[in-house]
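The values are calculated or read from the model by the stated rules, or taken from the named source; none is laboratory data. Computed from a prediction, not measured in an experiment: that's the story for all the values here. Here the Cβ positions follow ideal geometry from the backbone for every residue, glycine too, while neighbour counts run over all protein chains shown.
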2 protein chains.
Amino acid sequence: MKAKVYVTLKTEVLDPQGDAVRRALHALGHDDVKKVRVGKLVEIDLDGDDRAKAETELQEMCAKLLANPVIEDFRFELE
Amino acid sequence: MKAKVYVTLKTEVLDPQGDAVRRALHALGHDDVKKVRVGKLVEIDLDGDDRAKAETELQEMCAKLLANPVIEDFRFELE
């Protein structure tokens with residue numbers, strides 16, 4: 001099974017990396033860019049075909065390792 | 001308009017960060033994780049409502065700044 005995990009900073013957390021990207025895009029002439037937030041995309045290949053088990057496991061992987069729940073939100077899709 | 005840009009390493013490019021995450025997940029007991037690839041998710045807020053223009057612009061932003069076309073692939077969604 002293939003899973004995609006999306007990790008994003010919580011809305012109330014500042015994103016200096018996103019701000020730097022926004023400024024760089026403005027410098028390239030893309031003045032209509034209002035806001036940029038940078039997050040992570042983690043693609044995971046899993047053995048087995050028990051979807052329920054995989055979902056439980058992904059939830060745990062995200063909460064324990066892939067995301068920092070204090071400042072980040074996560075969601076995942078299982079193919 | 002809101003856009004989501006997904007930047008991933010090309011399949012033939014090694015991903016040491018992904019391998020480190022895989023090993024860490026194994027150490028946590030998630031032995032069914034076969035492969036991990038880490039990419040970027042860039043969320044962009046754009047002014048204006050001309051979808052065609054936004055798509056052209058996003059294509060350029062990705063090719064010039066957000067992704068390194070030598071080693072990375074990108075795709076984007078416009079909401």
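Would you check which residues across segment A:1-39 are among the small types (Gly, Ala, Ser) and farther than 23 Å from B:GLU57 by Cα and list them? Result: A:ALA3, single match. The set of residues in segment A:22-34 being more than 7 Å from chain B (Cβ to nearest Cβ) and either buried (at least 17 other Cβ atoms within 10 Å of the Cβ) or of a type in the set (S, T, N, Q) (or both) consists of A:ARG22 alone.
Any idea which residue in segment B:2-18 is nearest to the other protein chains (Cβ to nearest Cβ), counting only those that are of a type in the set (A, V, I, L, M, F, W, C) and buried (at least 18 other Cβ atoms within 10 Å of the Cβ)?
Applying the filter and picking the extreme gives B:VAL7.
For segment A:35-79, taking the residues that are small (Gly, Ala, Ser) and surrounded by 12 or more Cβ atoms within 10 Å (Cβ to Cβ), the one that is nearest to the other protein chains (Cβ to nearest Cβ) is identified as A:GLY39.
Looking at B:ALA54, B:ALA3, B:ALA67, which one is at pLDDT 95 or above, closer than 16 Å to A:LYS34 by Cβ and under 13 Å from the mean Cα position of the chain (by Cα)?
B:ALA3
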